[in-house]
Structures are given as C-alpha cells and as structure tokens.
1. Charges at C-beta only: +1 for Lys and Arg, -1 for Asp and Glu. How large is the resulting dipole of the chain about its Cα centre, in Debye rounded to 20?
2. Taking the highest mean first, how do the peptides 45-51, 58-64 order by number of other beta carbon atoms within 10 angstrom per residue?
3. Which order, highest average first, do 7-19, 31-43 follow once you tally other Cβ atoms within 10 Å for each residue and take the mean per peptide?
4. Name the residue from Gln7, Pro20, Pro34 whose Cα lies farthest towards the positive end of the charge dipole of the chain, charges +1 on Cβ of Lys and Arg and -1 on Cβ of Asp and Glu.
5. Could you tell me which label, among [x] 35, 28, 22; [y] 81, 21, 19; [z] 53, 26, 16, carries the value of Cα extents along the principal axes in Å calculated for this structure?
Amino acid sequence: MPADGRQLFLAARAELITAPDPYYRGIDADAALPHWITVRPLASTRPGGPHIADVAGGRGWLVYTFIRRHAEPQITVTDAFWA
C-alpha cells in the first residue's frame, strides 16, 4: 500500500478508536469525524455488526468490527482497500 494510503488508514483507525460510539448510530452521528471519513453499517440489517469506513472520498475503505469490553473496547479491522 502506498505511504499516503497507509497514513490515511492509520489516521482513520485512530479516529474510530477514540470515538464515543464506534457504531455511529443516528442521524449525522459521524459529524464529529474529519470530512474525509464516512461510516456506515456494512449491511443495513445488522446495525451492530461490521461497519465500513470510506476514506478519502471513496478512494479507499476499511471494514471493521467493534467488540464492546468494559475494561478495553476493541476495534478489529478485517479488510482494507486502497485504489
């Protein structure tokens, strides 16, 4: 992956890790994210399941799941793509 894509993915992952609600539920729930990231459920029938974060206006994306833990929540990136 090119260095610019790698840096965007690392920045997007950092934004997702520090988010108060990584599922981004509700209208305009991802308004606190930088303008170059949008988040949506991977399947509309599973809003608590995997999500996709579009990066750089759709130039890349990453699929992640959120595991809610009391002590330490975890985000696992399962797939990434950069064009």
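Just so it is clear, none of the values below were taken in a lab; they were calculated from the coordinates. Everything quoted here is computed from the prediction, not taken from an experiment. Here Cβ is always computed from backbone atoms with ideal geometry, including for glycine, and neighbour counts include all displayed protein chains.
1. Working: 8 positive and 8 negative charges, 41 e Å.
Computed about the Cα centre, the dipole is about 200 debye.
2. Sorting 45-51, 58-64 by mean packing, highest first, produces 58-64, 45-51.
3. Most protected by this proxy first, the peptides run 7-19, 31-43.
4. Pro20
5. [x]
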